[in-house]
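Reviewing the structure listed below.
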Amino acid sequence: MEKVVYVLWRAETDSVEAFADRLTHDVADALLALDVRGLQINVADDAVTPAVIRIKELDPQMEAVVSVWLDTAMDAARQPVDEVLTLAAARLAGYLVTESVPLPNTTRGAPLGTRTDGFANIAFLRRPERLSVAEWLDAWQNGQTPVAIETQSTFGYTQNVVVRPVTIDAPRFDGIVEELFPPEAMTDLHAFFDATGDDDKLARNMARMGESTARFGATENIDVVPTSQYVYR
């Protein structure tokens with residue numbers, strides 16, 4: 001089985017609400033009808049508008065991520081999925097990835113097809129030229145992973161290493177991170193960095209995170225998009 005992560009851009013003629021509604025209903029139904037092995041949709045809808053942490057490198061920035069699990073990501077097998085998503089967005093980019101889940105969501109599960117509690121930050125990483133692939137992966141997966149879990153209030157953490165793009169003219173991403181946070185972390189940095197009511201702990205956690213992300217270039221040339229998460233299959 002292979003995982004393909006599709007990144008979608010909203011058309012200017014679409015409202016945020018209309019785009020989100022189309023993805024979470026019509027598009028989800030169409031993809032499930034294709035009998036995909038797994039389906040998750042993340043969309044920057046009205047529910048995450050207040051989020052204080054957003055980082056924008058691309059302009060316009062993506063506003064949705066559709067993750068699909070397939071028996072094979074070969075072009076012919078993927079074509080029906082591509083066609084459904086192409087009709088739903090102004091722009092589409094797809095990536096074959098390897099998935100690692102160092103922190104599964106075991107505490108805030110939601111019924112299939114409904115919104116996961118809290119919100120999901122999706123980070124799009126680009127490897128800096130100063131690091132080899134091996135160095136970058138080591139700093140990210142072996143160095144950053146425990147730091148992120150220990151210094152933030154995440155209850156779910158997924159890392160996707162990009163193997164290759166599967167669509168034409170896809171922007172370069174080397175990694176795509178999915179982090180689930182409780183709702184209060186959307187607008188409160190103390191809650192985000194697992195330091196509610198503790199200014200000293202907030203400063204320590206922010207400093208530790210900053211040092212760790214700098215080691216593998218995640219403080220530069222990065223997009224971070226707050227989203228609502230829906231797991232369908």
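Restricting to segment 15-28, name every residue that is surrounded by fewer than 17 Cβ atoms within 10 Å (Cβ to Cβ) and either modelled with pLDDT under 95 or farther than 19 Å from Asp223 by Cβ (or both).
Those that are surrounded by fewer than 17 Cβ atoms within 10 Å (Cβ to Cβ) and either modelled with pLDDT under 95 or farther than 19 Å from Asp223 by Cβ (or both): Ser15, Glu17, Ala18, Asp21, His25, Asp26.
Give Thr116, Thr151 a once-over and let me know the one that is at pLDDT 95 or above, in contact with a strand residue (DSSP E or B) (Cβ under 8 Å, 6 or more places away or on another chain) and at negative phi.
Going through Thr116, Thr151 in turn, the sole match is Thr116.
Residue under question is Thr151, and the condition is that it be more than 24 Å from Leu39 (Cα to Cα), in contact (Cβ under 8 Å) with a residue 24 or more places away in the chain, surrounded by fewer than 16 Cβ atoms within 10 Å (Cβ to Cβ) and among the polar types (S, T, N, Q); does it hold?
Considered against the rule, which asks whether it is more than 24 Å from Leu39 (Cα to Cα), in contact (Cβ under 8 Å) with a residue 24 or more places away in the chain, surrounded by fewer than 16 Cβ atoms within 10 Å (Cβ to Cβ) and among the polar types (S, T, N, Q), Thr151 comes out as no.
Return yes when Glu57 is at pLDDT 95 or above and closer than 18 Å to Arg10 by Cα and no when it is not.
It is false that Glu57 is at pLDDT 95 or above and closer than 18 Å to Arg10 by Cα.
Please verify whether Val97 is open to solvent by 40 Å² or more (accessible area, probe 1.4 Å), within 16 Å of Gln40 (Cβ to Cβ) and of a type in the set (Val, Ile, Thr), treating the condition exactly as stated.
So Val97 does not fit the description; no.
Find the helices (runs of 4 or more DSSP H) located wholly in segment 9-87 whose residues include 2 or more that are within 30 Å of Ala191 (Cβ to Cβ), and list them.
16-22
Leu92 - would you say it is open to solvent by less than 70 Å² (accessible area, probe 1.4 Å), touching a strand residue (DSSP E or B) at 6+ places or on another chain (Cβ under 9 Å), in contact (Cβ under 8 Å) with a residue 12 or more places away in the chain and not aromatic (Phe, Trp, Tyr)?
yes
Among the residues of segment 100-145, which ones are open to solvent by less than 60 Å² (accessible area, probe 1.4 Å) and farther than 17 Å from Val161 by Cα?
Asn105, Ala110, Gly113, Thr114, Thr116, Gly118, Phe119, Ala120
Taking the stated definitions as given, is Asp174 in contact with a strand residue (DSSP E or B) (Cβ under 8 Å, 6 or more places away or on another chain), loosely packed, with under 15 Cβ neighbours inside 10 Å and farther than 27 Å from Asp198 by Cβ?
Taking the combined requirement at face value, the residue does not satisfy it.
Among the residues of segment 185-217, write down those that are in contact (Cβ under 8 Å) with a residue 12 or more places away in the chain, buried (at least 17 other Cβ atoms within 10 Å of the Cβ) and farther than 21 Å from Ala44 by Cα.
Within segment 185-217, His190, Phe193, Asp194, Leu202, Asn205, Met209, Ser212, Thr213, Arg215, Phe216, Gly217 qualify.
Among residues belonging to segment 57-89 that are free of Cβ contacts under 8 Å to residues at least 24 places away in the same chain and touching a strand residue (DSSP E or B) at 6+ places or on another chain (Cβ under 8 Å), point out the one that is farthest from Arg233 (Cα to Cα).
Looking at residues that are free of Cβ contacts under 8 Å to residues at least 24 places away in the same chain and touching a strand residue (DSSP E or B) at 6+ places or on another chain (Cβ under 8 Å), I get Thr86.
Of all residues in segment 107-136, which are among the charged types (D, E, K, R) and in a loop (DSSP other than H, G, I, E, B)?
Once the filter is applied, which keeps residues that are among the charged types (D, E, K, R) and in a loop (DSSP other than H, G, I, E, B), segment 107-136 yields Arg108, Asp117, Arg126, Arg127, Glu129, Arg130.
Looking for something basic (Lys, Arg) and under 18 Å from Ala120 (Cα atoms) - is there at least one such residue anywhere in segment 53-64?
Yes, some residue in segment 53-64 is basic (Lys, Arg) and under 18 Å from Ala120 (Cα atoms).
Would you mind finding the one in Thr187, Thr158, Thr151 that is in contact with a helix residue (DSSP H, G or I) (Cβ under 9 Å, 6 or more places away or on another chain) and of a type in the set (Val, Ile, Thr)?
Just one listed residue meets the conditions, Thr151.
The values are calculated or read from the model by the stated rules, or taken from the named source; none is laboratory data. These figures come from a predicted structure and were not determined experimentally. As a convention, Cβ positions derive from the backbone with ideal geometry for all residues, glycine included, and neighbour counts pool all protein chains shown. Keep in mind that these areas ignore ligands, DNA and RNA; they rest on the heavy atoms of the full protein, side chains included. Shrake-Rupley method; radii C 1.70, N 1.55, O 1.52, S 1.80 Å.
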